[in-house]
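Enquirer: Let me give you the structure first, and then I'll get to my questions.
The values are calculated or read from the model by the stated rules, or taken from the named source; none is laboratory data. Just so it is clear, the structure is predicted and the values come from calculations on it, not from any experiment. Note that we place each Cβ from the backbone using ideal geometry, even for glycine, and neighbour counts take in every protein chain shown. The protein model used for the area step is the full one, side chains on, heavy atoms only, and it has no ligands, DNA or RNA in it. Shrake-Rupley method; radii C 1.70, N 1.55, O 1.52, S 1.80 Å.
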Amino acid sequence: MRPTNRSALFPIANRGSLLEGVALTALATLAIVAPARAQDTAPDPAPDTAQQQADDEEAGPVEEAVNDYIDGDSPPPPGGQRDIGFEADTLEYDSTGDTVIARGTVVLREGDRSVRADEVRWNRPAGTINASGNVRYVDGDGNQLFASELELTDAFETGALEDLLLVLREGGRLAAERGERTEDGRISLVRGAYSGCAVVTEDGCPKTPSWKITAERVVYDPDTSRVRFENGFFSLFGQRILPLPTLELRTDGGPNSGFLVPSLRISRSNGVEVSGSYYWRLAENRDLELGAYVFTEAPPMVSGTYRELSNDGAFEATGYLTRSRRVDPFTLASQGEQDFRGYLSANGRYNLSDHWRFTGSARIASDRTFLRRYDISRDDRLRTVGELERIDANSYFVVAGFATQTLRLDQPQGQVPVALPLIDYRRRIDDPLLGGTVTLRGNSLSIVRPEGQDTQRALASAQWNLRRVTGLGQVVEFTALARGDVYHTQESAQTRFAAYRGEDGWQGRAIALAAVDVSWPLAGPLFGGTQVLTPRVQVVGTPPISNTDIPNEDSRAIDLEDVNLFSLNRFPGEDRFEDGARVTYGVDWEVTRPDWRVSANIGQSYRLDDKAIIFPDGTGLSDRFSDIVGRTRVRYKDFVSLTYRFRMDKDNLAARRTEVDATIGSRKTYAEIGYLRLDRNIPQINEDLGDREELRAAGRVAFADNWSVFGAAVVNMTNRDEDPTLETDGFEPIRTRLGVAYQDDCIDLGVTWRRDFVSQGDALRGNTIELTFRLLNLGFSN
């Protein structure tokens, strides 16, 4: 045997396994570098003759072995030629055992597969490769296998394994004393352990996984990414807590049919709650989850969630059902016999063609307190919507309808509108005369109430827009609008607030508007960054418009803010339109530098005529000069974010609107504060414009690597001066929450205490304690 050094990458045609590459490398290596042997009884031959003689003596057995294998019965691989890479520090050939031996940092590669080891032996008669010493095998899917010894077949597939660790591409790890690869490609392990957790820290130090599954027998199927355990145990933080006679899970995080982790909750309304669910994978694009809930203070409940995904769209439906006595929401007295109570939610979207699509959602509850009683949702209204849309590059068309179920205890359902149909069409065309674009629009809406005002509306409009940039950089935008409306109203006297009523019968109006908007961005350096200062002026003129004869269905929640200061119509919706002439002025400023971004704006408007104003008092628009509005935003990296919005009284600069949203900290430790105060002094004749004050706070503090404490609170700070209908002193907690959690790369544990301070029917105020347990990379959750 003769050692040599060699590293090569070469093509091999019509071979049946990786071992031919090893043999050819051995042949080429020995043929190139083997030194000539001197003969004592013969004269020295010419150099070429001596080299050839040495090659024949030393490489003959290797060449013969390779040729025999090539000319044998093994069929060529599909496609003919393939590339096999080979590296080794030393290479030997044992003619006695017909074995090629590579030692020292041996690397074999074929496509996406590779083997690294301290030593590799190819036994030609047996057709096997035996790798030993720090073996690392990577298959075509990216899974890595570490072992002390590894046997490969002549198809470059794993065979017997000893003392192995399988690192899956998806992140999980399988370890076992020994194993083998079966004929169907699965890996069968003896005394195996699996975990989706990391086994080393960020610093590279070893650590014990938070959870693991051990079993006498483990079977891994790389084709389906599934692992099956037999006679196993689930261990948490090193302690066995749950026997697992048999368990199958997916290592790629994909769904797999089976029972999900149960949850535990304690509340005043329902007592002790234990719930569990079964996940059923119906097909690759469909699944179903069935749940059951058992309470000590309420009858049991069942639930179900169905999901479906297709090439054209997606659909999801969730339902809850129980049988219990309903209660009077005001007296809490039981109402008769037991009855079915429940909730249904469904939504979906489907693309019917390249331009057409349908979107729909439905939400309905059996009564007004069911969702809060079982802690499903805290919404106070449920909306059912359906939309059929057509969208292309220059037009939009929609036919829609919606209905709302109120869950507010003080609102009659008969007063809640049903809108069907809502039709809207818009088309954008280029203006061939002056340039710019023209947007044509048609809209109709029908609103009916079982016990209230009914309204039908139709409108048609044309809006022209032209935007130009002057040589000095000013941005000038011209707008012209012409619109006609037709309304029909019935039962207007049943509307509670007179300001929202219209005149019964048919009403019509015409709207015209002209506007010019000029802004001038000015850029320059500041504080090592760049600043942009943009003064802006807008002039809008509209002839007198008949508004009071028209019912107000969608323009009720009017309030001057920074976002609508420069709107052509500062009323929301279509039923009210601002008339007269006005000038609006303001300035935007923004500075950016590395890690920092600060922006601010401020503005005001002034009416150029003294005609009657239809804006309610307290909205900031009821006088010729409007209130002053603005916004400031500060952001530093992802550590600090602050937004402050305000409206100041034009006369005394009193704060009429103060809104603050602030976040400071990292993803692990942070604090969030939200504050809103509306002190507008709006008369109580407008139900949508009441004053209020609210504080929201939340935070989390991380400690001891993976532990954290967290909390949140919502407080109503409105007092009787701001809302005479209230009986609070200006500090009324609505909901508080406090908890402790442990979370690492693969597990989430927590205990949360929550207190609700407001009762609604049989959804009683009181404490709720909830346990959370999730295995993050297996999809199991509470």
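Enquirer: So residue 683 clears everything in (1) open to solvent by less than 50 Å² (accessible area, probe 1.4 Å); (2) under 27 Å from residue 620 (Cα atoms); (3) at pLDDT below 90 except one condition, right? Which one?
Expert: Looking at each condition in turn, residue 683 falls short on (1).
Enquirer: For residue 637, which of the numbered conditions (1) more than 23 Å from residue 730 (Cβ to Cβ); (2) charged (D, E, K, R); (3) buried (at least 16 other Cβ atoms within 10 Å of the Cβ) fails to hold?
Expert: (3)
Enquirer: Residues of the stretch 271-320 being within 23 Å of residue 771 (Cα to Cα) and aliphatic (A, V, I, L, M), which ones?
Expert: Across the stretch 271-320, the qualifying residues are 272, 274, 290, 292, 294, 298, 301, 302.
Enquirer: The conditions are (1) open to solvent by less than 50 Å² (accessible area, probe 1.4 Å); (2) out of contact with any strand residue (DSSP E or B) (no Cβ under 8 Å at 6 or more places or on another chain); (3) in contact (Cβ under 8 Å) with a residue 60 or more places away in the chain, and residue 141 fails exactly one of them. Which is it?
Expert: Single failed check for residue 141: (1).
Enquirer: State yes or no: is residue 593 among the basic types (Lys, Arg) and under 30 Å from residue 636 (Cβ atoms)?
Expert: Yes: the conditions hold for residue 593.
Enquirer: Does the stretch 453-471 hold any residues that are surrounded by fewer than 15 Cβ atoms within 10 Å (Cβ to Cβ) and of a type in the set (D, E, K, R), and which are they?
Expert: 467, 468
Enquirer: Which of (1) within 20 Å of residue 554 (Cα to Cα); (2) aliphatic (A, V, I, L, M); (3) in contact with a Leu (Cβ under 8 Å, 6 or more places away or on another chain) does residue 480 not meet, given it meets every other one?
Expert: (1) is the only condition that residue 480 fails.
Enquirer: In addition: Would you say residue 496 is closer than 22 Å to residue 583 by Cα and exposed (fewer than 15 other Cβ atoms within 10 Å of the Cβ)? Walk me through how you get there before you give the answer.
Expert: Details: closer than 22 Å to residue 583 by Cα: no; exposed (fewer than 15 other Cβ atoms within 10 Å of the Cβ): yes.
No; evaluated as a whole, the condition is false for this residue.
Enquirer: Quick check on the stretch 387-406. Is at least one of its residues open to solvent by 40 Å² or more (accessible area, probe 1.4 Å) and on the phi > 0 side of the Ramachandran plot?
Expert: Within the stretch 387-406, none of the residues are open to solvent by 40 Å² or more (accessible area, probe 1.4 Å) and on the phi > 0 side of the Ramachandran plot.
Enquirer: Test each condition in (1) open to solvent by 60 Å² or more (accessible area, probe 1.4 Å); (2) of a type outside the set (A, V, I, L, M); (3) farther than 30 Å from residue 224 by Cα for residue 295 and report the one that comes out false.
Expert: Only one criterion is unmet by residue 295, namely (1).
Enquirer: Provide a single number: the residues in the stretch 240-258 that are part of a strand (DSSP E or B), more than 29 Å from residue 754 (Cβ to Cβ) and open to solvent by 50 Å² or more (accessible area, probe 1.4 Å).
Expert: Residues meeting the conditions: 5.
Enquirer: Next up: Hey, residue 236 hits all of (1) within 32 Å of the chain's Cα centre (by Cα); (2) open to solvent by 60 Å² or more (accessible area, probe 1.4 Å) but one; which does it fall short on?
Expert: (2)
Enquirer: Give me the strands (runs of 3 or more DSSP E) completely within the stretch 514-614, filtered to those with at least 2 residues that are of a type in the set (Ser, Thr, Tyr) and crowded, with 16+ Cβ neighbours inside 10 Å, ordered by residue number.
Expert: Here the list reads 529-542, 580-593, 596-607.
Enquirer: For the stretch 259-281, does any single residue satisfy the condition of being assigned to a strand (DSSP E or B), in contact with a Leu (Cβ under 9 Å, 6 or more places away or on another chain), on the phi > 0 side of the Ramachandran plot and open to solvent by less than 40 Å² (accessible area, probe 1.4 Å)?
Expert: No.
Enquirer: Just to verify a result, which residue in the stretch 717-774, among those that are modelled with pLDDT of 85 or more and of a type in the set (S, T, N, Q), is surrounded by the most Cβ atoms within 10 Å (Cβ to Cβ)?
Expert: This residue is 718.
Enquirer: Still on this structure: In this structure, does residue 236 turn out to be in contact with a strand residue (DSSP E or B) (Cβ under 6 Å, 6 or more places away or on another chain), touching a residue at least 12 places away in the same chain (Cβ under 8 Å) and more than 15 Å from residue 775 (Cα to Cα)?
Expert: Taking the combined requirement at face value, the residue does not satisfy it.
Enquirer: Could you pull out the residue among 202, 180 that is in a loop (DSSP other than H, G, I, E, B) and among the acidic types (Asp, Glu)? Please lay out each step first, then the result.
Expert: Working: 180 fails: in a loop (DSSP other than H, G, I, E, B).
Result: 202 is the single residue among 202, 180 that is in a loop (DSSP other than H, G, I, E, B) and among the acidic types (Asp, Glu).
Enquirer: Starting from the stretch 694-705, keep only residues that are touching a residue at least 24 places away in the same chain (Cβ under 8 Å) and farther than 29 Å from residue 678 by Cβ, then list their pairs with residues that are open to solvent by 40 Å² or more (accessible area, probe 1.4 Å) and among the acidic types (Asp, Glu) whose Cβ atoms are within a distance under 7 Å, requiring at least 6 positions of separation or different chains.
Expert: Listed by first residue and then by second, the contacts come to nothing, as the list is empty.
Enquirer: Still on this structure, please answer the following. Of the residues in the stretch 525-564, how many are within 27 Å of residue 503 (Cβ to Cβ), touching a residue at least 24 places away in the same chain (Cβ under 8 Å) and among the charged types (D, E, K, R)?
Expert: 4
Enquirer: Could you check the stretch 622-634 and list, in sequence order, the residues that are among the charged types (D, E, K, R), surrounded by fewer than 17 Cβ atoms within 10 Å (Cβ to Cβ) and outside any loop (DSSP other than H, G, I, E, B)? Spell out the reasoning first.
Expert: First pass over the stretch 622-634, keeping only residues among the charged types (D, E, K, R): 623-624, 627, 631, 633.
If we keep only those that are surrounded by fewer than 17 Cβ atoms within 10 Å (Cβ to Cβ) too, we end up with 623-624, 633.
Hit for the stretch 622-634 is 633, nothing else.
Enquirer: Quick check, is residue 619 among the polar types (S, T, N, Q), crowded, with 16+ Cβ neighbours inside 10 Å and either touching a residue at least 40 places away in the same chain (Cβ under 8 Å) or in a loop (DSSP other than H, G, I, E, B) (or both)?
Expert: Yes.
Enquirer: Sticking with this structure for a sec: Tally the residues that are at pLDDT below 90, on the phi < 0 side of the Ramachandran plot and in a strand (DSSP E or B), restricting the search to the stretch 336-383.
Expert: Adding up the residues that qualify gives 3.
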